[in-house]
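The values are calculated or read from the model by the stated rules, or taken from the named source; none is laboratory data. Note that the structure is a prediction, hence the values are computed from the model and not measured. Virtual Cβ from ideal backbone geometry, glycine too; neighbours counted across all protein chains shown. Side chains included, ligands, DNA and RNA excluded: accessible areas come from the protein's heavy atoms. Shrake-Rupley method; radii C 1.70, N 1.55, O 1.52, S 1.80 Å.
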Amino acid sequence: MTRKTKSGNAYTPITPKKSIDDVPKCSKNTVFSLLTILLLISVSTYLYMSDSENTLKNSNISSKYLKQKIGSSHGVDNYCTVTSDEYKFDCFPRGKADKESCEKRNCCWSPNTQNSQIPWCYYSSNYSNYKVINVTESRTEITAFFNIKTNTIYKNDLKVLCMDISFQTAQRLRVKIYDPENKRYEPPYPEVPILKLNNTNEPLVSDYIVKLSDNNVGFAILRKIDNLTIFDTRNIGGFIYSDQFIQLSALLPTKYIYGLGEHRSSLVLDMNWKTYTFFNHDSVPTNDMNGYGSHPFYLMIEKSGKSHGVFLFNSNAMDIVLQPTPAITYRTIGGILDFYYFMGPTPSDVISQYTDTIGRSFLPSYWTLGFHICRYGQTFKELINVHNRTVSAGIPWDTHWNDIDYMKNGNDFTLSDNFTNLPKYVNYLHEVGMHNVILLDPGVASREPKGSYPPYDDGLKNGVFIKNSSGLPLEGQVWNLDGGTVFPDFTHPKSIDYWINQISNFHNILPFDGLWIDMNEPSNFINGDWEDCISTNSSRWENPQYTPNVAGGKLNYKTICMSVIQYAGLHYDLHNIYGFSEAITTQFALSVIKNSRPLVISRSSFSGLGHFAGHWTGDVFSTWDDMKQSITDIMLFNMFGVPLVGADICGFNDNTTVELCSRWSQLGAFYPFSRNHNSLGSVDQDPVALGPLVIESAKKALLIRYSLLPYLYSLFWRAHIYGETVARPLFFEYPNDNCTYSIDTQFLWGSALLISPVLKEDQVDVDIYLPNDLWYDYYSKKCIQSNGSIFTVEAPSDTIPLKIRGGYILPIQDPATTTTNSRKNSFGLLVTPNKFKEAFGYLFWDDGDSLNVWENGLYNEIHFKLNNTILLNEVITNNYSDEKTILQNITIFGIHNEPKNIQVNGATYSNFYYNKTEEVLYFLTLNLDLNIVFNITWT
């Protein structure tokens, strides 16, 4: 894959080799020579100290231990450590344990009838399956070898391990543990840049220290500035490395942990013996169930307010367990352990470092930031009715979507008899400056008459479908009414041309603007295939010795067989990146066909998806609780590097209500990706369908959104270039205020705009938390100086509370009912001084649709600055001139005294208005070109 280092939006898809490997640092010959040396240890005192001393020292639990010696069935003495229950790491994660079966695992048995969550069978403090053979170090890396000394109950324990610790940047560390003799699966994407600190004689500059165990595979990562241990695996949790069961545990410094998606969860993750399962699955978002995507990444806030992040680059099915120690346990059933540590120190720094590793998010086209409408279960006539009534009501919107209804027999790349006029309608949308997006499933119909359905015939000819053990395309069933579905293998090199051809051929018929790739976990209405995944060697893949806590209890539940072979390997390994591989190929196909920025919205996701696509949160219900949950979801996906994200406004499943849809329309207007969508059989919920209150709520909130689009678009540019979040939790801006750590009912656009929706029935006010800062009400312009307090603010039935943080300048534009027309209007600035009477802002502007504008420099970047009574701009880049960017209006909040002697570029200016009640200064009809430096002063 070619990934642009700055901005590009046209990417060449990855065509993985059948064997994707790095050159191992631990060669087979080296290992054999090292095995002749018994316990030869070469370790720097800078790097580590003894386990017995430091595990207890760093975890502060030495006084809690009581050791009891027990015999081992493996002939190795073991000590059971009886301590507080939260330090017990589960040795029997599946099945029913008893004392005998527990001790056969060389573990400790201590029944606890008071709390069933606490393990009865747990690892001793000195549990160790591997011994150190040798450790070597250089200035920028450590390489360690280990030999197995005790087999586990899991099959095929690896006999030799190599651990490479690579100091990649001053804030990024990689720890890779793998088999040096036999190549194991590693994900082919995302493509992680290979980095290494310069190996010179200069002192090593890094924010971390690494310490190793002196007798096993344990290691600890410390923050250098305060010697805080942020990740410590030494002598805890039972390290295991077998062929299909890999386990590693670590002590953590605090309970404030975020991420580990995609799950229905609180913003701060539950650490009360909570298991999070990672295996992409099609089911409605439900508590304690694996979701549509897998993001084995977390961000943690330390007691100091600093943050760090940890990413396990592994795409196999896994469980991650959090317990109140605080501690984490990883259990994956394949691949290798490949950890990346990001030292921050701010939350924003962590996300920037993470997205620098997995790929920055793409820059969306401007039109994609408008409002979108869709529904499932709709005739073409009903589609037109929605269009007409929405336009008549004056509701801003940009894109009309088509769900599966437009397809013939549920088949991709077809038009049903009821939608033969859809191409004419899409052409009309283009004429009025609007857009169209259609649904596209990965499953291709397989039982249409021979020669009648080119997507199947072409795929069969090119051999791009995933094959079963007989070498024939694996057949399941999705929406196709003929009863058979096959699945393209998007890791196959021929799939690129195949997919481009199918999309291009259909685009010639229906000139859609974007693609919505659904059902790509991949989803299947049967388990595995029609032949029950029967093959000679299928059992170990379909029913491994350890199965994570997946929906349905087995890996092929409502998806395809794990044992089938794709070009890049077993589906067992590739399952979690199936949708990601489709997104890469689809994004590339669209960029080739349209020669403009492609819009791809994917349901299935994996780390790095945001480089190619956006995401919606799936089949949520029309409930107040699901509306509240959506705030956490969009904040987490921004942390995952997928800023273009939203939930189905008013809910997808079941019927909404007028009040719920009114409040959800207000909130949804501030999702980064804003789309109203609902399900077959539900009542219509486009705004006009539900009457005056929803119309007014949607219209009011969306007009604000459209006026703020220059600010929102500039945030997406910052995400694209610098890896920042667009929607973010309050703690990103206030990491030293622990009152913000668990707030999941409010969120920010960037650093400046605070959104505080009403999330309960029958409320016309809402309690919001305002951190220590100046805050200006968007509507009344009134200023609040908060010292970190809760305020009750008015929230009329058609209004969402909004606050602007002091110290910022937001570029705005007079709104129209489409982004096409909005872009033609004049600009304005909202200026909110901080307590020092200063404010700062920026605008990124281009044509909103072309590829590679950043690389080619075809954009404008303008900074704004207020210093007391001087407001000016700085033109950083001025290479886009196809549209006029005229500044007409400026609104400056917090002006306590009526200004005198106002000058614009040295000339007296009189067309202003000062509102004494609001304490706001309004500049009107300035007629300034934003790309020419201006200076505004007053006394």
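A P(r) calculated from all alpha carbon pairs of the stretch 389-448, with 5 Å bins opening at zero, reads 4, 16, 23, 22, 16, 10, 6, 3, 1, 0 percent. How many percent of the accessible area of the stretch 733-807 is carbon or sulfur, using a 1.4 Å probe? Looking at the stretch 733-807 in its full context, I get 43 percent from C and S. Annotation: amide H of Lys224 within the under-5 Å range of Tyr208, Ile209, sequence separation 5 or more or interchain, hydrogens built in the peptide plane. Farthest toward the positive end of the dipole of the chain, out of His677, Gly471, Gly344, is the Cα of Gly344, where the dipole comes from beta carbon charges about the Cα centre.
Spatially, the stretch 619-679 and the stretch 803-843 are offset by 25 Å when compared through their Cα centroids. Scalar couplings 3J(HN,Hα) for the stretch 913-927, obtained by applying the Karplus form with A = 6.51, B = -1.76, C = 1.60 to θ = phi - 60°, are 9, 10, 9, 5, 5, 6, 6, 10, 9, 10, 9, 10, 6, 6, 6 Hz; x denotes Gly and Pro.
Note that the stretch 242-258 has calculated 3J(HN,Hα) couplings of 10, 4, 10, 8, 10, 9, 8, 10, 8, 7, 10, x, 8, 9, 8, 10, 9 Hz, one per residue in order, obtained from phi through the Karplus relation 6.51 cos²θ - 1.76 cosθ + 1.60 (θ = phi - 60°); glycine and proline are x. Within the assembled protein chains, the solvent-accessible surface assigned to Leu703 is about 60 Å², based on a 1.4 Å probe. Amide hydrogen proximity for Asn134: with H placed 1.01 Å from N in the peptide plane, the residues at 5 or more positions away or on another chain lying under 5 Å are Phe145. In this simple spin-label model, placing a label point 7 Å from the Cα along the Cα-to-Cβ direction at both Asn901 and Ser780 gives a separation of 3.5 nm.
Here the stretch 756-891 is assigned +1 on the Cβ of each Lys and Arg and -1 on the Cβ of each Asp and Glu. Its dipole about the Cα centre then comes out at about 560 debye. Against the chain, whose longest principal axis is taken from its Cα atoms, helix 422-431 shows a tilt of about 60°.
Taking Rh as the Kirkwood radius, which is the inverse of the mean 1/r over Cα pairs, what is the Rg/Rh value for the stretch 627-774?
Details: Rg = 15.5 Å, Rh = 15.9 Å.
On the Cα set of the stretch 627-774, Rg over Rh gives 0.97.
Distant-in-sequence amide contacts of Glu475, defined by a placed amide H-H separation under 5 Å and a gap of 5 or more residues or a different chain, comprise Trp530.
Keeping all protein chains in place, calculate the accessible area per residue for the chain (probe 1.4 angstrom), answer in Å².
Working: 33020 Å² over 939 residues.
Per residue, the chain has an accessible area of 35 Å².
Applying D = kT/(6 pi eta Rh) to the stretch 763-822, where Rh is the Kirkwood radius over alpha-carbon pairs, T corresponds to 20 °C and eta to 1.002 mPa s, the Stokes-Einstein value obtained is 161 µm²/s.
Each of the peptides 713-723, 639-649, 829-839 was scored by the mean count of other Cβ atoms within 10 Å over its residues; in descending order, highest first, they stand as 639-649, 713-723, 829-839.
The per residue volume of the convex hull around the alpha-carbon atoms of the stretch 597-688 is 95 Å³. For the pair the stretch 492-507 / the stretch 200-245, the C-alpha centres are spaced 46 Å from each other.
Relative contact order for the stretch 763-839: 28 percent, from Cα pairs under 8 Å spaced at least 6 residues apart, divided by residue count.
Farthest toward the positive end of the dipole of the stretch 700-768, out of Leu712, Phe732, Val758, is the Cα of Leu712, where the dipole comes from beta carbon charges about the Cα centre.
Give me the net charge for the shell around Pro187: Cβ to Cβ below 11 angstrom, other residues only, Lys and Arg +1, Asp and Glu -1. For residues surrounding Pro187, the net value is -4.
So what is the relative contact order of the chain, in percent, for Cα pairs below 8 Å that sit 6 or more residues apart? Numbers along the way, then the final one.
Working: 2336 pairs, mean separation 91.6, N = 939.
Here the relative contact order equals 10 percent.
Defining a contact as two alpha carbons under 8 Å apart and six or more residues distant in sequence, what relative contact order in percent does the stretch 648-738 show? Walk me through the numbers before you get to the answer.
Values: 93 pairs, mean separation 23.4, N = 91.
Relative CO of the stretch 648-738 lands at 26 percent.
The Kirkwood radius of the stretch 846-939, taken over pairs of alpha-carbon atoms, gives through the Stokes-Einstein law at 10 °C and 1.306 mPa s a diffusion coefficient of 107 µm² s⁻¹. Phe606 contributes about 0 Å² of solvent-accessible surface, heavy atoms of the protein only, 1.4 Å probe. Evaluate the Debye formula for the stretch 425-551 with equal point scatterers sitting on the alpha carbons, no solvent, and hand back log10 of I(q)/I(0) at q = 0.12, 0.14, 0.21 Å⁻¹, in q order, two decimals. The calculated log intensity ratios at q = 0.12, 0.14, 0.21 Å⁻¹ are -0.56, -0.73, -1.31. State log₁₀ I(q)/I(0) for the stretch 335-454 at q = 0.16 Å⁻¹ as given by the Debye formula over alpha-carbon point scatterers of equal weight, solvent excluded. Reported log10 I(q)/I(0), two decimals: -0.86.
Here is the tail figure for the stretch 160-316: Cα pairs spaced more than 19 Å apart come to 63 percent of all pairs. Taken one residue at a time, the phi angles of the stretch 725-740 give Karplus couplings (6.51, -1.76, 1.60, θ = phi - 60°) of 8, 8, 9, 9, x, 5, 5, 4, 8, 10, x, 9, 9, 5, 5, 8 Hz. Gly and Pro are set to x. Net length available on complete extension from Lys424 to Asn385 is 12.5 nm, with 0.36 nm assigned per residue and the Cα-Cα distance removed. The alpha carbon convex hull volume per residue for the stretch 244-306 rounds to 101 Å³. Scaling against 2.2 N^0.38 Å puts the C-alpha radius of gyration of the stretch 258-368 at 1.12.
Probe radius 1.4 Å, ligands and nucleic acids ignored: give me the carbon and sulfur share of the accessible area of the stretch 209-286 as a rounded percent.
On the way: 930 of 1850 Å².
After summing per-atom areas, the C and S share lands at 50 percent.
On the full set of protein chains, 1.4 Å probe, figure out the accessible area of Met407 and give it in Å² to the nearest 10. Approximately 10 Å² for this residue. Tell me, how many Å apart are the Cα centres for the stretch 897-916 and for the stretch 558-615? Cα centroid of the stretch 897-916 versus Cα centroid of the stretch 558-615: 56 Å apart. Note on the stretch 513-635: Rg/Rh from Cα positions, Kirkwood definition for Rh, rounded to two decimals, is 1.03. Bridge orientation summary for the chain: considering DSSP beta bridges with both residues in this region, about 80 percent are antiparallel. For the chain, the spread of Cα coordinates along the three principal axes comes to 90, 72, 56 Å, biggest extent given first.
Dividing the C-alpha radius of gyration of the stretch 107-204 by 2.2 N^0.38 Å, with N its residue count, gives 1.49. In units of the compact-protein estimate 2.2 N^0.38 Å, the stretch 585-640 shows a Cα radius of gyration of 1.37.
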